[in-house]
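Contents: one structure, followed by commentary.
Throughout, read-outs are computed from the coordinates displayed, never taken from laboratory work. Please read all numbers here as calculations on a predicted model, not as lab measurements. Methodologically, a virtual Cβ is constructed for each residue, glycine included, from the backbone with ideal geometry; neighbour enumeration extends over all protein chains shown.
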Amino acid sequence: MRSEGQAWAAAQLEEMSSASPEALDILAMTEPAVEHDKLIVTVSVNCRSFEKSDGGISLRARERLRISIPWNFPLNRPEVEFTHDRFGGTAHVQWGHSICLFQAPDVEWQAGRGMFGFMQRVHDWLKAAAAGQLDPTGMPLHPPVAYPVANFRVVPTRNVPEPGEGFWSGYVEITRETVYVAEFGRWIAQNEVIPDVRLASVILLPTEMPFEYPKTVLDLLVALIDRGLTLSMLRLLMTITVLRTPPGKPAIFVLGAAMRGIAGGERLQHLACWRMSVEQTDKLRAAAVASTEENPVEDQAFYAWAFESNVEWCRVLEDRPEIVQRRDRESASRWWRGKRVTLVGCGAIGSAVAMILAKAGVAKLRLIDNGVVTPGILVRQGFRRDQIGYAKSSATRIAVVAADPGIDAIEEYSNIVWMLTDEAKRAEILDADVVIDATASSTVAAAFEVHFRHHQAPRPPIVSMVVGHNGDMGLMILTTDKSAGATLDFDRRTKLALADRTSSAKFLEEFWPADPTRRAIFQPEPGCSSPTFRGSYADVLSLVAPMTNVAADWLREGIGLPRSFAIDLSADSKCRSEARASWRPYHVLPDSKHGYEVRITQEAMSAILTWTRRSERTAGDRVETGGALFGQVDEFLKVVWIDEVSGPPPDSEASREGFVCGTQGVAMMHKEKLSRTCGSVTFVGMWHTHPKALPIPSRTDLGAMVQLLADKETFQGRSFLMLIVGGTSGRPILSAGLFLRGDYDQA
Amino acid sequence: MAFHLGCFRALHDRGILDHVQAISSVSGGSVLAACWAYRGEDFDAFDKHVVEVLRRGIQGDIVREVFGSLEGLKIIATLLFTGTLSSLIWVLKFTTSRLRLFLGIPTLPLERALQAAVHVLPVWGSLTTAFEAGLSRRLFGDTTVDRVRRPNLAVIINACDLTTGTAFRFGSGRSGGWRFGDVQGAAPTVAKAVAASAAFPILLPPLIETFEFEKKGERHSHTVALTDGGVFDNLGVAVLEPGRAHDHAQIEPVTHLITLNAGGGQFDVSRSHPYWWVGRVARSFEAVHRKAQDAVYQRLHKYAEVGDLQAFGMIYLGQQDDKLPWAPADLVKRAQVKDYPTDFSPMSEENIRLLTSRGEQLTHIIVERYLSDLTN
């Protein structure tokens, strides 16, 4: 009743055997008795040609192997075993005879090669086993085998103590426990104060155990005594453990042996774990409590158990850093590990970011939001239906702690704008390696901006993220403590950078629409909700993940420049589209008149020096020059940005005595910049030089301001920035003064 | 050249010129590029010197070499000897080929022998060698192309080898082309490189030179016929394009690229139909040339768009004024300068002013908008 696959396997084996009967001889084939049964083939393999070494297993000239071919071969791989138990206890031989042929069967087993591939693997295994090369130097050792019989798993999470010359005995704290799993916390040496918590007993050996661990308690005790432990000590450990095990729970024991690591390298502890059944634990506990010198019922109970019981080995799910290599260690996300992050906003973006950071191993996460989970947001935010009504910060914290209980997650149901006005709260918010603003709120950005405008103290980098109105475009901005200005400032500069690139028009239109009324507002609950973006949970994740990764990369690089990253996943994009920008620091000047901060971009500064240099080259280094300044004045933040600069208009008059800035073409330049930057760059004032002199406004300069600002017919602006460049183009000295119309109105 | 000088002025004022790491030139631009790279003056002296060259022109130098030096005799000797023999060989070849065609006489081996004979006829002198001698006497002396006098500047002067139809590059690192390999022995002179690069084929004959080349470890001697590099690559950017760092000049990968082009740009609608041979061929040549140039520009813009170049600035005399990002009130209009010929004749002060001003203005506009991160 062979299946088609088994027939194919048998045919392949017969073909190999007939081609070389000396190498492979088929001794017997036991047909499957029923459907879905295995086809058993016994073969004799020639092992004469395999080179033998001291560390290798002693193969005979011919070895008999039993191959079990499953009915669904080759989708399921065959198994092979020796027909004897001579190699029991040898690494890579399990159950005394079964050959451990594959380390990663899903990857290594190639169904298409059938029995040809399988027998090649058997040949290679036998050859390596004879030569003692099954654990080649530099490769991971095959760990010993403790066949799990209990449907129970343990998770060690911390590195184990060094056993030293003899052995280490003590306890491990059980921090979390369910019916199926127990998680271990810190290791407690026997000579330490034993805390009043649930414990498991631990013995760590500096030596090896047999490759196959003992099946009975008696054999296990003998093996441990052989390795230098005393029976009284083992009993003491077990007694304390059962006493520290609450009724109805199994006692747990951990056994470590130096059998992990890389062949030829340092040996680490391989942990095995076994448990005592609940009944037996209760019995031993009762005996321990009742035992007296006259009536040592504990001894009787212990020996009765030890002589009769098998060891209930449990599966160990390793989470020790010394054993488990993090799968994200090459990923951008690795930067977040161990970091302290303040996350402002726990909505669509924030809740997704929080989970990414939790998975990455963030150490501390302060979650701030003043919203609650509502039914409508479940389709795109990482909350559960049973969390409706929870504060978003609270629901996010629950998810974060569930992902990793080790994270110090703090929730704050509060308004960030208000918090920033409170010194203590502000200090808490900024006590982080990074602040992530996921509110997509211009008010929050303004609150940060105004705070940093007036508090220059060191601050963490700030990452802000927003998502486009259809949930298919994202924008992330990173500012650092070296930046004059925070998110609001660099949001503006991102806009200007994108305005200069024809390929980025889509981003410009999405995040800074020239005419917002053209876009239909999406109010999920008309009349009762704020306008928001459309999009699914998948949309949000697909944008938040790359933005978080790019931020991590930038933070890891440690370059202090502010940067932005825009991503477009819209359906009409032929491929993923990105735009990145970074900015050199501003040249910052204080305004001498009203306490404004004048932020001059490097490009604008360079343009000023260019025109100064040109004047020096063409007219000599004593003749003044100047031109127009373009940027923006923010009266709330008290900031003047200078983004672009012109040279002297053609109708200017330049001499050693002074510079009269012309106006020819200035209006046109103003119009062009206004249009190109969607209103972000306009005429803000003028600059001129005081060659080889100090940049102090002259009477002529001040007189011109009076004339300009007192007369609304000549100039209609509310303010005028006068920038004076003293010295030379090689060594410029700058001063700035913002003249407000109000000053002259009052006068 | 005057347009390029204006561009150089703006690049100098913006603090970019001294940081340029590679300069690749063709045609008339090679004169200015070589002046900058090999004369080593400060910018003011360089500017004055170039303006003086523009005022005097180079045509006069060629005439002086022809009539005031041995170059003239060499040219006459070449015309008499090589010219006469070439004509005779051509007549013979034509006659034998007719005999073969009409009478079936097997003259093919003879025709091939005659063809081969043309190639070995000597060229002692030509207007291009006079041009080279003028450049040597007036501007570059015996300086060789490997003697760049600006720190960290690689120079590539592009010519076109008419024997192979491929680029021939005189580089500060190495010279030659991919067909024959690298020129061995003493580096060629700057005057020769510039003369070859600027030998506009309509006006000047190719420069016939024999070099020893090395390719894949083997040495061979080859004669090349070098003409204006613009025939092959009108912008001289092929060697600077992304992915071409392995190319002949061995320069570092380029991050920012600025092209300076003194071409007049779009055709004006022809007043008369280009019907007759000269008119139609000239117009066709210009059309092909312009289309090829457009393709290169398109490619360079694409490189900048996809990030292969961090930035690309196209500074083009023939740029339509209304297509500029913005224009200063005193912009020198395209119409004012687009038809000025690039024939090295003496220039008036006004023409120098117009051309240099437009170069300077366009450079400021383009650098400010597209290459602002270069400024410091």
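Residue by residue, what Karplus-based ³J(HN,Hα) values in Hz, rounded to whole numbers, does the stretch B:91-106 have, using 6.51, -1.76 and 1.60 with θ = phi - 60° and x for Gly and Pro?
Once θ is set to phi - 60°, the couplings for the stretch B:91-106 become 4, 4, 5, 5, 4, 5, 5, 5, 4, 5, 6, 8, 10, x, 6, x Hz.
Among bridges DSSP assigns within the stretch A:572-668, what percent are antiparallel (round to 5)?
Details: 12 of 16 bridges.
Just about 75 percent of them are antiparallel.
Normalising by the residue count of chain A, find the relative contact order in percent from Cα pairs under 8 Å and 6+ residues apart. Each step should come with its number before you reach the end.
Values: 1447 pairs, mean separation 47.9, N = 747.
Averaging sequence separation for qualifying contacts and normalising by length gives 6 percent for chain A.
For chain B, what is Rg from Cα atoms divided by 2.2 N^0.38 Å, rounded to two decimals? Each step should come with its number before you reach the end.
Values: Rg = 22.1 Å, N = 376, 2.2 N^0.38 = 20.9 Å.
For chain B, the normalised Cα radius of gyration comes out at 1.06.
Measure off 7 Å from each Cα along the Cα-to-Cβ vector at residue A:378 and residue A:208, then give the distance between these two points in nanometres to one decimal.
Modelled inter-label distance: 5.6 nm.
Out of residues 5 or more away from residue A:728 or on other chains, whose amide H comes under 5 Å of its own, with H placed 1.01 Å from N in the peptide plane?
A:692, A:733
Within the stretch B:149-189, name every residue whose backbone N is under 15 Å away from a label modeled 7 Å from Cα of residue B:115 along the Cβ vector.
The answer is B:163-164, whose backbone nitrogens lie closer than 15 Å to the label point.
What residues from the stretch A:67-84 fall in the zone where the backbone N is under 14 Å from a label point 7 Å along the Cα-to-C-beta line of residue A:11?
Of the residues in the stretch A:67-84, A:74 have backbone N under 14 Å from the label point off residue A:11.
In whole angstrom, note down how far apart the Cα centers of the stretch B:319-376 and the stretch B:152-211 are.
About 29 Å separates the Cα centre of the stretch B:319-376 from the one of the stretch B:152-211.
Report the label-to-label distance for residue A:718 and residue A:111 in nanometres (one decimal), using points 7 Å from each Cα along the Cα→Cβ vector.
7.2
Using the Karplus equation 6.51 cos²θ - 1.76 cosθ + 1.60 (θ = phi - 60°), what ³J(HN,Hα) coupling, rounded to whole Hz, does each residue of the stretch B:115-121 give in order, writing x for Gly and Pro?
4, 5, 5, 4, 5, 9, 5
Taking 56 Å as R0, compute the FRET efficiency from the Cβ-Cβ separation of residue A:386 and residue A:85 and round it to 0.05. Provide the component values of the computation, followed by the final result.
Working: r = 55 Å, r/R0 = 0.98.
The calculated FRET efficiency here is 0.55.
Calculated from DSSP H runs of 4 or more alone, at -39500 (n - 2.57) each and per residue, what is the 222 nm mean residue ellipticity of chain A, nearest 500? Don't jump to the answer; show the numbers that get you there.
Working: 19 runs with 223 residues, N = 747.
When only DSSP H runs of four or more count, the value is -9000 deg cm²/dmol.
Can you list the residues, at least 5 places off or on another chain, whose amide H is less than 5 Å from the amide H of residue A:272, using H built in the peptide plane?
Here the answer is A:255, A:256, A:257, since their amide H atoms fall under 5 Å of that of residue A:272.
Taking 0.36 nm per residue of separation and subtracting the Cα-Cα distance, what length does fully extending residue B:320 through residue B:266 add? Write down the numbers at each step before the final one.
On the way: separation 54, 0.36 × 54 = 19.44 nm, distance 0.82 nm.
Difference between extended and current length: 18.6 nm.
For the Cα atoms of chain B, what angle does the longest principal axis make with the long axis of helix B:277-306, in degrees from 0 to 90, nearest 10?
That works out to roughly 50 degrees.
May I ask you to list the lysines whose Cα is less than 20 Å away from that of residue A:127, ignoring any residue fewer than eight positions away on the same chain?
A:52
Based on the mean of other Cβ atoms within 10 Å per residue, sort peptides A:339-350, A:354-365 so the most packed one is first.
Working: A:339-350: 25.3, A:354-365: 21.1.
Highest to lowest by the protection proxy: A:339-350, A:354-365.
Counting helices only, and only those DSSP H runs with n ≥ 4, report the 222 nm mean residue ellipticity of chain B as the sum of -39,500 (n - 2.57) divided by its residues, in deg cm²/dmol to the nearest 500. Don't skip to the answer; put the middle values down first.
Working: 12 runs with 161 residues, N = 376.
Rounded to the nearest 500, the figure is -13500 deg cm²/dmol.
Write down the percent of antiparallel bridges among all DSSP beta bridges whose residues are both part of the protein assembly as shown, to the nearest 5. Working shown, then result.
Working: 118 of 170 bridges.
Among the beta bridges of the protein assembly as shown, antiparallel pairing accounts for roughly 70 percent.
How much length, in nm to one decimal, is gained on full extension between residue A:702 and residue A:61, taken as 0.36 nm per residue of separation minus their Cα-Cα distance?
Working: separation 641, 0.36 × 641 = 230.76 nm, distance 10.78 nm.
Difference between extended and current length: 220.0 nm.
At each listed q (0.13, 0.20, 0.24, 0.27 Å⁻¹), what is the log10 of I(q)/I(0) that the Debye formula gives for the stretch B:167-239 modelled as equal alpha-carbon point scatterers?
Normalising to I(0) and taking log10 leaves -0.36, -0.85, -1.17, -1.38.
Measuring from centroid to centroid over Cα atoms, what is the spacing of the stretch A:164-194 and the stretch B:7-34 in Å?
Using only Cα atoms, the two centres lie 74 Å from each other.
Name the aspartates and glutamates eligible as straight-distance cross-link partners of residue A:359: C-alpha to C-alpha under 16 Å, and not fewer than 8 places from it in the same chain.
Those aspartates and glutamates meeting the cut-off are A:319, A:328, A:330, A:404, A:408.
Go through the stretch B:221-232 residue by residue and turn each phi into a ³J(HN,Hα) via Karplus (6.51, -1.76, 1.60, θ = phi - 60°); whole Hz please, and just put x for glycine and proline.
My calculation for the stretch B:221-232 gives 9, 9, 9, 10, 10, 9, 10, 3, x, x, 4, 8 Hz in order.
Roughly how many whole Å is it from the C-alpha centroid of the stretch A:314-351 to that of the stretch A:42-107?
40
Estimate the FRET efficiency between residue A:667 and residue B:301 by the formula 1/(1 + (r/R0)^6), using the beta-carbon distance for r and 25 Å for R0, to the nearest 0.05. Each step should come with its number before you reach the end.
Working: r = 31 Å, r/R0 = 1.22.
The pair residue A:667/residue B:301 has a calculated efficiency of 0.25.
Once amide H atoms are placed 1.01 Å from N in the peptide plane, what residues at a sequence separation of 5 or more from residue B:371, or on another chain, have their amide H within under 5 Å of its amide H?
Those lying under 5 Å, H to H, from residue B:371: there are none.
In nm, to one decimal, how far is the modelled label at residue A:304 from the one at residue B:105, with both set 7 Å along Cα→Cβ?
It is 13.2 nm.
In the Gaussian network model of chain B, springs joining C-alpha atoms below 10 Å, which of B:187, B:37, B:329 carries the largest mean-square fluctuation?
The residue that fluctuates most here is B:329.
Using every pair of alpha-carbon atoms in the protein assembly as shown, split the distances into 10 Å bins beginning at 0 and state the percent of pairs per bin, rounded to integers.
Per 10 Å bin, starting at zero, the Cα-Cα P(r) for the protein assembly as shown comes out as 2, 8, 12, 13, 13, 13, 12, 11, 9, 6, 3, 1, 0, 0 percent.
Based on the Cα atoms of the stretch A:209-253, what semi-axes does the equivalent ellipsoid have, where each is the square root of 5 times one gyration tensor eigenvalue, given in whole Å with the largest first? Display every interim value, and only then the final one.
Values: eigenvalues 99, 38, 10 Å².
Sorted largest first and rounded, they come to 22, 14, 7 Å.
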